[in-house]
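Working notes, beginning with the structure itself.
Values in this text are rule-based calculations from the coordinates and carry no lab data. Predicted model, so just to flag it, every value in this text is computed and none were measured.
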């Protein structure tokens, strides 16, 4: 992971990291809500926070940032910061 990737991930809460990992797997909001057992509005609110922290406006941009800064492994698991 690049230092910028680690910097971005360090700003995410645990829930935001989980949501980000599912976004990188191509999951939609209802699927994320079901997987994490949270209301869909919580996913929407946390997504806005994730996108703001990553400096992006949409899912596609977010996944591009994750790839650019090597924030996930080939199996699309979010990397942990040390």
| query | Given the rule -39500 (n - 2.57) for each run of at least 4 DSSP H residues, summed and divided by the residues of the chain, what is its mean residue ellipticity at 222 nm, to the nearest 500 deg cm²/dmol? | reply | -19000 deg cm²/dmol
| note | Length gained, residue 15-residue 48, 0.36 nm per residue minus C-alpha separation, equals 10.6 nm
| request: Would you work out the relative contact order for the chain, in percent, from Cα pairs under 8 angstrom that are 6 or more residues apart? | output: 45 percent
| said: Running a GNM on the chain with Cα contacts under 10 Å, which residue among 34, 47, 22 ends up with the highest mean-square fluctuation? | reply: 34
| request: Measure nothing but the geometry: give the 0 to 90° angle between the long axis through the Cα atoms of 40-54 and the longest principal axis through the Cα atoms of the chain, rounded to 10°. | output: 20 degrees
| Measuring from the lowest to the highest alpha carbon on each principal axis, how far does the chain reach, largest first, in angstroms? | 33, 24, 23
